[in-house]
Each structure stands twice: as C-alpha cells, then as structure tokens.
Amino acid sequence: ELHRIPRPPYRLPLVGDVIGAHVRSPVQDSMRFGRRLGPIFRRKGFGKEIVFVWGAELAAELADETRFAKHVGLGVANLRPVAGDGLFTAYNHEPNWQLAHDILAPGFSREAMEGYHPMMLAVAERLMDRWDGERAAGRAVDVPGDMTKLTLETIARTGFGHDFGSFERSRPHPFVTAMVGTLTYAQRLNVLPAPLAPILLRGATRRNVAHMAYLNQTVDAVVAARQHSSGEGDLLDRMLETAHPETGERLTPENIRRQVITFLIAGHETTSGALSFALHYLAQHPDVAARARAEVDRVWGDTLLPAYDQVAKLRYVRRVLDESLRLWPTAPGFAREAREDTVLGGVHPMRTGAWTLVLTTLLQRNPEVWGANAEEFDPDRFDPGAVRSRAAHTFKPFGTGARACIGRQFALHEATLVLGLLLRRYDLRPEPDYRLRVAERLTLMPEGLRLHLEDRAPAA
Ligand code: HEM
C-alpha cells in the first residue's frame, strides 16, 4: 500500500531516488526530501524502499508499545557483525536482551551514577588541563576530537576501570579510528545496492574486517585485565559477577564481549556529538552562554569540585543541551515495527513486522510542534511551561519505549557537568568564518569545529 505515501518525483530505474542524494549524507538528504514531501514519505535507494515518518501524530502512534516495537534494521542491523546480540543490536526476541537489561539496569541507578560522578570529574579535569595549555599557546581547540577523548575516557573509566590514555595522545586512539571506520562502513552499506556492495566496497570490507578484529582485541584485553583486579561494582563487574536476580542466569563470555563493545561505542560517540553541538551553539550565542554561565556561578558558587547533586540543579545548562539535541539528535532516528497487522494514521496498512524510520531530526523541527522558528536555537523552548504545553512524543533524542537508551541519565549528567565546568572556566569564541557542517557516520557530528578559548570576562 505504498502508493499513498509521497516519494520524490524523479525515480531512476534500478538505482531509485538518488537524484539530489549523496552517500555521505543520507540523513541530511532525507531531511531535504521530507520537508518537500510531508510528514510521511518514502525513498528508494537501490531496491530498498524506506518509509520515513516525522509527523507529530504519526510519531506518537509509533510510540505506542502495544502496537509497535523497536525494529533492528538498516544501520542497527549492519552493526550486528560487531555488536551481535548486545543490548543495542539484539532482536526483541533474543533472550540475552532481557537478561542483560536486567543485569545492567542497576548500573544506571542513582546510586551508581553518584559513584561515577567523581570519575567523570577527574576526566573533565584532564580535558581542562589540555585546554588550559591550548589557551596559553593561543591555539584553537578541536572540539569533536577533544569531546571524543573526554567521553571515551569517561565510559571506559566508569564502566570498565580502563584508561585509554586519550589525552596523552595527539592522534585519536586506534579504538576510535576502528570504531569510526566500522560506523561509516555500516552506514555505507545502507546506501549501496546489496548485490554490488561487495564489489564497490572491496577495499573498505577488508579494512572493516581489520577494524572489527581490533575492536574485539581491545575489548578482550579490557576483560582480561579484570581477572587481576576488582572494578568495585562497575558495569564489567556486574556482567562478570551478577546472576539474574530471579532466574540465576549469567551472561556468557561471548555476550559480555558484545556488551563491552556496545557500551564503549554507544557510551561515548553520541555524547561526544551532543557536547560538540552544544559548544557550537554556545559559541554562536553569547547571550545564551552568559545566562548559562551566570547560572553555574549562582548554583556552584566557589565550590571547586561540584557535587553530584549540584549538576541536576543547572536547569538552564540542561536546556541548552536539550535544545542542541533537538536540532541535532546525534542518533538521528530509530526504527519501529508493527507487532500485529495494523493501520498507521488510519490510512497506511502495515503487516506484522513492517517497519518505518522515525526521522528524529525532522520530527524535532516540525513547525506544527515547534513553531515557525523551529530551525532557530532557543533553549527557552524547554522552559517547564513550554514543555507541558507541547504534544507528547515530539522530543525523542533517546528513542522510545522498552528499547530506549539505557544510558540517558549517564549522558545527561556527564554532558551537563562538563558544560558547566567549561562555561565556568572559558569564554568560547567561534572561528569567524565557520559554518556548521554535519558529518554522518550513523551518528552526527559537527565537522571541523574549532573554538578559541579566552579567559572568561569578569561578571558584569
Ligand atoms: C539506545 C541515543 C548515550 C547506551 C539508544 C537509542 C537512542 C540512543 C536513540 C535507541 C536506538 C533504537 O531505538 O534503535 C543516545 C544519545 C546519547 C546516548 C543521543 C547521548 C547524548 C548513551 C550512553 C550509553 C548508551 C552514555 C551508555 C553508557 C545505549 C544502549 C542502548 C541505547 C546500551 C540500547 C538499549 C536497549 O535496546 O536496551 N541510545 N544514547 N547511550 N543506548 Fe544510547
């Protein structure tokens, strides 16, 4: 019943809707198509027809867990060779999903988060040592590069008691290079014709095999190191030591390997992007930065090291982060499949298992929800009053339902803490001619973003 769903007007035989599309920017291309075609549309690339949704009512319907569930498809399915039945890539019916979810959920409780807080602070201090040096030397900082160091070290330290030594390196850690390679490869598979992919990607496939081997090897070393030490209840300890509270079942070594890779990747790549976009917007909007900084001064006062409870009190800083995640949700969409035969929006029949992609980037810029100025950066959209009056299920950077992000609180705490610390310490100045370019590798990242750091101006 696809004929009711609008599609681009010029479809080429065999290849599909490729006019105006580019292999490097499938998300931004889809945003452009979607704006023209409306709240539900389809695009065909090389035999694969994908239906996208960004209408508020349709998205709310898809959030109904009685009718729909996560679909492991597209980019997520392409990561199965790396992440297997780890939490992120597990099919809903795979028993390891529930088992790992139940074993790991306490690792994201309030108590657990309080335990991670001092480690998060320690990593942020290393970032600031580095940035102090760059400031003193009058050099601009590489924001996505440094945010990736920060978030990788944070998840490695808090989750696995591991230190990648990112801040002691001038180039990215090889784990990051391998990860970015694997994510890019998984995205490329989406936009190339399946029968031709092995030929077109021959070199890339060989590199991907090497990248996956490197990821596995890194993870095995992290797990092996634990044989000689205790992680004092971190994520790895939970996986190695904890049996399911009711069934007594445990995770297998192979599954633990998949989970460690999953957490090392999911636990840092998207948070790094979120922090980078937020810093970009803060540098572009000095009025917002001044307001956020005033809040940090008021809430933290002279405390050198803010306590756990002092982070959630940065309400305005959190709105800056939410607004950045609205414009550029760094995981730009999520797929939903029908649990039973159903009709979406009263007009689009879906058979059991049929799926559609919620395009978060457009849903969160839908003018019917966010107003005529939806494309503009304005953290006041997240004032409590404004949030209350908005339709439900229209802000979904962490996905939805049972398979929503398990690390949401972790990411929000880490990012709010770091933004608070950086605002307190530096004035962020953009490079005069920088225009935001967004790089895609399943996740989104501002490309080439550099900022100049200055001593913060004295409070007015
Ligand atoms: C799932 C976004 C940070 C671990 C998801 C999903 C989204 C998302 C959209 C659902 C994907 C789907 O439906 O297919 C984000 C964003 C983050 C972030 C935007 C940062 C700003 C984190 C962190 C961790 C993490 C810090 C771990 C420490 C996971 C895991 C899943 C997941 C394990 C799979 C959950 C399941 O299916 O049970 N994330 N995430 N994420 N995320 Fe995150």
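Averaged over all directions, how much area does the convex hull of the C-alpha atoms of the stretch 1-153 cover when projected, in nm²? Walk me through the numbers before you get to the answer.
Values: hull surface 57.7 nm².
Quarter of the Cα hull surface area: 14.4 nm².
Can you tell me the relative contact order of the chain? Whole percent, Cα pairs under 8 Å, sequence separation 6 or more.
Numbers: 663 pairs, mean separation 110.1, N = 460.
In percent, rounded to a whole number, it is 24.
Suppose each label sits 7 Å from its Cα in the direction of the beta carbon; what would the ASP102-ALA307 distance come out to in nanometres?
Output for this residue pair reads 3.6 nm.
Which distance in nm do the two modelled labels at HIS22 and ALA122 give, with both placed 7 Å along the Cα-to-Cβ direction?
Result for the modelled spin labels: 4.3 nm.
When DSSP beta bridges are limited to those with both residues in the chain, what percentage is antiparallel, rounded to the nearest 5? Could the numbers behind the result be given before it?
Working: 30 of 32 bridges.
Roughly 95 percent of the DSSP beta bridges within the chain come out antiparallel.
How large is the Kirkwood hydrodynamic radius of the chain, counting all unique pairs of alpha carbons, in Å?
Numbers: mean 1/r = 0.0432 Å⁻¹.
Averaging 1/r across every pair of different Cα atoms and inverting gives 23.1 Å.
Based on the alpha-carbon set only, what is the convex hull volume of the stretch 254-358 divided per residue, in Å³? All intermediate terms of the calculation are to be shown ahead of the outcome.
Working: hull volume 18.9 nm³, N = 105.
Output value, Cα hull per residue: 180 Å³.
When all alpha-carbon pairs of the stretch 25-104 are counted, what percent fall beyond 17 Å? List each step's numbers first, then the result.
On the way: 1933 of 3160 pairs.
Counting every Cα pair in the stretch 25-104, those more than 17 Å apart make up 61 percent.
Using each residue's phi in the stretch 129-143, evaluate 6.51 cos²θ - 1.76 cosθ + 1.60 at θ = phi - 60° and report the 3J(HN,Hα) Karplus result to the nearest Hz, with x for Gly and Pro.
Per residue, the Karplus-derived 3J(HN,Hα) values read 4, 5, 5, 4, x, 5, 5, 4, 7, x, 9, 6, 9, 8, 5 Hz.
Where a Cα-Cα gap under 23 Å defines reach, which lysines qualify for LYS313, not counting those fewer than 8 residues away within the same chain?
Here the lysines satisfying the reach criterion relative to LYS313 are LYS396.
For ARG429 paired with ASP163, estimate the spin-label separation in nm (one decimal), with each label point 7 Å from Cα along the Cα-to-Cβ line.
Computed distance between label sites ARG429 and ASP163 equals 3.5 nm.
Could you calculate the FRET efficiency of GLU134 with THR66 from 1/(1 + (r/R0)^6), where r is the beta carbon distance between them and R0 is 45 Å, rounded to 0.05?
Values: r = 52 Å, r/R0 = 1.16.
According to the calculation, E is roughly 0.30.
Quick one: P(r) of the stretch 141-270 from all Cα-Cα pairs, 10 Å bins, percents rounded to integers, in order of increasing distance.
Whole-percent P(r) values from 0 Å outward: 11, 37, 30, 17, 4, 0.
Which whole-number value in Å³ per residue fits the convex hull of the alpha carbons of the stretch 277-329?
Here the figure is 81 Å³ per residue.
Coordinate-derived values only; no laboratory data. In this text, all values refer to a predicted model and were calculated from it rather than measured experimentally. Reconstructed Cβ throughout: ideal geometry from the backbone, glycine too, with neighbour counts over all protein chains shown.
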